[in-house]
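Here, each number is a calculation from the coordinates, and none is a lab measurement. Values in this document were obtained by computation on a predicted structure and should not be read as measured data. Here the Cβ is made from the backbone with ideal geometry for all residues, glycine too, and neighbour counts use every protein chain on show.
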């Protein structure tokens, strides 16, 4: 079983749409969770950390369900500039030995 | 803002040659990593490094690969005898390693092309 699983997409949405990404992880001992954004041929960049209580940053909302080992990212009022690949990343266990990456979900926002 | 820097940005090498990819992690960080991403595929973990030794490595990180922190600032990845399938983007990352919800900070990557 993969450590982190995501729907590969692509998700093709019009500007202004709300889009949701989902992710599941296999290691119940995982401590920290993140969403990264990756533009074509660039490095992954942190979009937001995901906290147990859920957290919001402007148009972006992240949720964590530890019982279901499920992470989500919601983007409201999507912009053309949101087009990218969104990576679910999980810190594997009790230390910082490894960050596990999902395969990423590609988002295309169309005018 | 502190950042992870990698050199070179692009390296072309002949099959069978040795390459060294260089990284300068963020100065007060304790954990260092190498990841690779073959074009169109996912980001794959290669190795993590802590306290001057390998902390964990993946099955990809075989005897052809080695890492070193030769001084207080650089962190290098060596591939001894490159194969065509080593062509990929290689990302270095670092992490403060001190509790809390700390993410990995990535460099801009080195694109390795083996011909």
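P(r) tail, chain B: Cα-Cα pairs separated by more than 21 Å, 31% of all pairs. The tail of the calculated P(r) for the protein assembly as shown, taken as Cα-Cα distances beyond 24 Å, holds 44 percent of the pairs. Taking the DSSP beta bridges in the protein assembly as shown as the whole, what percent of them are antiparallel, to the nearest 5? So the antiparallel bridges in the protein assembly as shown amount to around 90 percent.
With the largest listed first and rounded to whole Å, the semi-axes of the equivalent ellipsoid of segment A:4-43 from the Cα gyration tensor are 24, 14, 10.
Inter-chain neighbour count for B:56-67: the average number of beta-carbon atoms from partner chains within 10 Å of each residue's beta-carbon is 1.
Computed over the alpha-carbon atoms, chain A gives an Rg to Rh ratio of 0.96, Rh here being the Kirkwood radius from the mean inverse distance. Of the beta bridges DSSP finds with both residues in chain B, what % are antiparallel, to the nearest 5? For chain B, the DSSP antiparallel bridge percentage is about 90. With both bridge residues required to lie in chain A, what share of the DSSP beta bridges run antiparallel, to the nearest 5%? Around 90 percent of the beta bridges assigned by DSSP in chain A are antiparallel ones.
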